[in-house]
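All remarks here apply to the structure that follows.
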Amino acid sequence: MLALLVIAGVFHTQILSALGTFLVQADAPQKADAALVLAGDGWGNRILTGAQLARDGYVPKVLVSGPDGNYGYDESELAILFAVKHGYPKSYFVSLNHTARSTQAEAKAVMPEIRREGLKRIMIVTSNYHTRRAGRIFRAQAPDLTFLVVSAPDPDFSPDRWWHDREGQKTFLAEWEKTIANWLGI
């Protein structure tokens, strides 16, 4: 037991970095039928990443997922307004309003629209720490479709330094809790 503690002490940086890095499983941007920006980013990094994918020609449109309840507005509509304010044309975006409050519920909520649109190859845009779990959930929801997951930068989480600040620690712990719950089917 003492040997394990010594090893953990000596290699703590590598161990903590590996645990943070495990959460990130992102693909490089590629041509797709659409981008799907997931809800849950109050900074705007996800929507701006999705908008840039459209501007760069990777996708013809950006589906923007978001629940109601933000001071009476849908999150997806607020995100689109934010992107337009940053110079992206409103024509890039399709708002997908719903009431989902988890990634699992969000996948179920947006899947009918994905199918209605006939999309086969979708780039999911989400925060770096959320890429592995989001990809797993969407692929399980629709194994017949191709989901690529693109990482948007997150100011609160760096996979190799998350333990240095409080927001990184909270993000790490919350995402690991959700990842384990997802593995257990909870």
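Every number in this text was worked out from the coordinates using simple rules, so none of it is lab data. Predicted, not measured: the structure shown is a model, and the values here were computed from it. Positions of Cβ are backbone-derived with ideal geometry, glycine not excepted, and every protein chain shown enters the neighbour counts.
Check Val149: other-chain or 5+ apart residues with amide H under 5 Å from its amide H, H built from backbone geometry?
Under 5 Å from the amide H of Val149 lie the amide H atoms of Asp27, Ile124, each far enough along the sequence or on another chain.
Could you please report the charge total around Tyr58, scoring K, R as +1 and D, E as -1 over all other residues with beta-carbon less than 12 angstrom from its beta-carbon?
Net charge around Tyr58: +1.
Treating only the Cβ atoms of Lys and Arg (+1) and Asp and Glu (-1) as charged, compute the dipole magnitude of segment 116-181 about its Cα centre; round to the nearest 20 debye.
Magnitude of the dipole: close to 320 debye.
Using helices alone, I'd like the mean residue ellipticity at 222 nm for the chain: each DSSP H run of four-plus residues gives -39500 (n - 2.57), total over residue count, nearest 500.
After summing the helix terms and dividing by the residues of the chain, the value is -14500 deg cm²/dmol.
For a quick check: sort Leu184, Leu19 by the number of other beta carbons within 10 angstrom, fewest at the front.
The fewest-first ordering by Cβ neighbours comes to Leu184, Leu19.
Quick check for me: using +1 on Lys/Arg Cβ and -1 on Asp/Glu Cβ, what's the dipole size of segment 25-184 about its Cα centre, in debye to the nearest 20?
About 380 debye.
What percent do you get for the relative contact order of segment 1-122 when only Cα pairs under 8 Å and 6+ apart count?
Once divided by the residue count of segment 1-122, the mean separation gives 23 percent.
Using Cα atoms only, what is the angle between the long axis of helix 131-141 and the major principal axis of the chain, expressed in degrees (0 to 90) to the nearest 10?
That helix lies at roughly 60 degrees to the long axis.
Out of these labelled values of semi-axes √(5λ) of the Cα gyration tensor in Å, (i) 38, 20, 13; (ii) 31, 18, 16; (iii) 28, 18, 17, which was calculated from the coordinates shown here?
(ii)
Counting other beta carbons within 10 Å of each residue's own, what order do His12, His130 fall into, fewest first?
Lowest to highest Cβ neighbour count: His12, His130.
Which net charge results when you count Lys and Arg as +1 and Asp and Glu as -1 among the other residues whose beta-carbon is under 12 Å from that of Gln30?
-1
Return the aspartates and glutamates within reach of Lys90: Cα separation strictly under 14 angstrom, same-chain partners fewer than 8 residues apart disregarded; answer none if there are no such residues.
The qualifying aspartates and glutamates are Glu77.
Please name which of Gly57, Val24, Ile186 has its Cα lying farthest along the dipole of the chain towards the positive end, using unit charges on Cβ (Lys, Arg +1; Asp, Glu -1) and the Cα centre as origin.
Among Gly57, Val24, Ile186, the one farthest towards the positive end of the dipole of the chain is Gly57.
If you line up the long axis of helix 75-85 against the longest principal axis of the chain, both from Cα atoms, how many degrees apart are they, to the nearest 10?
That works out to roughly 80 degrees.
What does the net charge come to around Glu77 if you take all other residues with beta carbon closer than 12 Å to its beta carbon, with K and R at +1 and D and E at -1?
So the environment of Glu77 carries a net charge of -2.
Of Lys108/Lys170; Lys108/Lys178; Lys31/Lys178, which pairs sit farther than 20 Å apart, going by alpha carbon to alpha carbon?
As for pairs spanning more than 20 Å Cα to Cα, those are Lys108/Lys170; Lys31/Lys178.
Nearest 10 degrees is fine. How inclined is helix 12-22 to the longest principal axis of the chain, computing both from alpha carbons?
20 degrees
Within 10 Å of each residue's Cβ, count the other Cβ atoms and sort Val62, Val110 from fewest upward.
Sorted ascending by nearby Cβ count, the order is Val110, Val62.
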